[in-house]
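Below: one structure, written as structure tokens.
No value in this document is a laboratory result; all are computed from the given coordinates. This is a predicted model, so every value here is computed, not measured. Virtual Cβ from ideal backbone geometry, glycine too; neighbours counted across all protein chains shown.
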């Protein structure tokens, strides 16, 4: 009996790990560009504005990928859609590595972004639908954790290839290898997905009930667990997705949509991806002149981001969403203002201020990873009524990528127009507005069933009260 349970867990976690490789690829693509930008600029002799286009191209591609994901996953199935995204990851990564001009690289990054958008929508959906109820939360958390691991791995890769390029005096560096190496985990994901089963829920949705039951049996689930899973699937399928009708006819659903969009803009306006995409540039501003020093700095950021995510995992269901968010906003705000203050000082005369600025930056990363990073996604998964959940998540996820692209495509311009310190003052000061927004509009959803939240929303209660 114990052997059977152990084998069942191995199968379930193998499925979870393989599907969560999409999160790893997501993180790799976010993190790798930060280390490649300096070398790309030298190789192609382009301006900071073109660098912003190279960064944001992937993000606009992700917007498009997110918008088509619902149709693809519904028509092709979750598994085939994940295979499609893996193929695009492979092609996009290789295309980035052989691009002969900045314009070609921008197009290749847009193509890669489509894969990121498709994967960011489909992978959590697949995991939530194929995971047994008792491990569903940990399976979805694995995807989020893999994103942070991917970012950290990208920073290690950047550090290795960047410093190797300097040792061998290569003007363009190894940026092509940095971007192309992502094809290898994408190939691994493709091969792994080939042997994974289709989502049982999708099979039920398309009328293949027996195939769906067979999937659960191949996962070695006990018959009573299979019966429970099947009952839940059949109950959920009775609730038809009618998001567009709700959007047109129900003002309360529109309020939830606006809240979801606002939350995603808040997450990005916190400034997190300013750090993730431009970390080496920030370290350079802070006085770390050597490329190896800048690369090591990004590695420390990646490790901090990954480890601090465990704070949210440990406390979000104990302390609640809003207390964690308030603490995060205070830490992020004070940290960014501190970074701006030190960057406005004379770093050449007092290099120690650069170290203080970077210490404050690491505190910002901790503040984000313990709050806005995971918790915004949690709240957005809880506030939409079941009948419009697919559409609501599509809107909020698209808003995340759009705001991400705007932030990623304007940071260097802000540095030029506002100055180094004032740019960070802006990102620090805006946290106060986010605290006010959460007080006025965001509900506390800890320990409240989705059905109760939906009932409160559709009955017209104020948004901040739908979790009561």
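If R₀ is 45 angstrom, what is the calculated FRET efficiency for the pair residue 310 and residue 91, using the beta carbon separation as r and rounding to 0.05?
Details: r = 35 Å, r/R0 = 0.77.
Approximately 0.85, to the nearest 0.05.
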Problem - Theoretical FRET efficiency, 1/(1+(r/R0)^6), r = Cβ-Cβ of residue 292 and residue 326, R0 35 Å, to 0.05 - result: 0.35
Practice task
Work out how much length residue 236 to residue 433 would gain on full extension: take 0.36 nm times their residue separation and subtract the Cα-Cα distance, in nm to one decimal.
Solution key: 67.1 nm
Handout entry: Nearest-0.05 FRET efficiency for residue 103 and residue 452, computed from C-beta distance (R0 51 Å)
Key = 0.45
Handout entry: Kirkwood Rh in Å, taken over region 243-468 so that all alpha-carbon pairs contribute
Key = 18.4
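Before anything else, pin down the relative contact order of the chain: Cα pairs under 8 Å, at least 6 apart, normalised by residue count, whole percent.
Numbers: 737 pairs, mean separation 97.9, N = 468.
It rounds to 21 percent for the chain.
Going by the alpha-carbon gyration tensor, a ≥ b ≥ c the square roots of its eigenvalues, is region 1-196 rounded (a/c under 1.5) or, if a/c is not under 1.5, prolate (a/b greater than b/c) versus oblate?
Working: a/c = 2.70, a/b = 1.77, b/c = 1.52.
Because a/c hits 1.5 or more and a/b exceeds b/c, region 1-196 counts as prolate.
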Exercise for the section: Quickly estimate the mean residue ellipticity at 222 nm for the chain, helices only: each DSSP H run with n ≥ 4 gives -39500 (n - 2.57), and the total goes over all residues, rounded to 500. Expected result: -28000 deg cm²/dmol
Handout entry: With Cα atoms, 0 to 90° folded angle of helix 372-382 axis to the chain main axis
Key = 20
Practice task
Starting from the Cα gyration tensor of region 309-400, multiply each eigenvalue by 5, take the square root, and state the resulting semi-axes largest first in whole Å.
Solution key: 35, 15, 9
Handout entry: Relative packing of 226-238, 145-157, 116-128, which averages over residues the other C-beta atoms within 10 Å, highest first
Key = 116-128, 145-157, 226-238
Practice task
Would you mind computing, in nm to one decimal, how far apart the modelled labels at residue 249 and residue 218 are, each placed 7 Å from Cα along Cα→Cβ?
Solution key: 4.0
Problem - Diffusion coefficient, µm² s⁻¹, Stokes-Einstein with Kirkwood Rh over alpha-carbon pairs of region 363-442 at 4 °C and 1.567 mPa s - result: 88
Practice task
Hey, could you get me the Stokes-Einstein D for the chain, Kirkwood radius over alpha-carbon pairs, 37 °C and 0.692 mPa s, rounded to whole µm² s⁻¹?
Solution key: 143
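By the gyration tensor of its Cα atoms, with a ≥ b ≥ c the square roots of the eigenvalues, what is the shape of region 200-310: rounded for a/c under 1.5, prolate for a/b over b/c, or oblate?
Working: a/c = 4.29, a/b = 1.78, b/c = 2.40.
Since a/c reaches 1.5 but b/c is at least a/b, the shape of region 200-310 is classed as oblate.
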Fill in the blank from the handout: Two pseudo-spin positions, 7 Å from Cα along C-beta at residue 346 and at residue 416, lie apart in nanometres by 2.9
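Packing-wise, with mean Cβ within 10 Å as the measure, how do 394-406, 291-303, 40-52 rank, highest first? Intermediate values should be presented prior to the final figure.
Values: 394-406: 22.5, 291-303: 20.9, 40-52: 16.5.
Order by mean packing, descending: 394-406, 291-303, 40-52.
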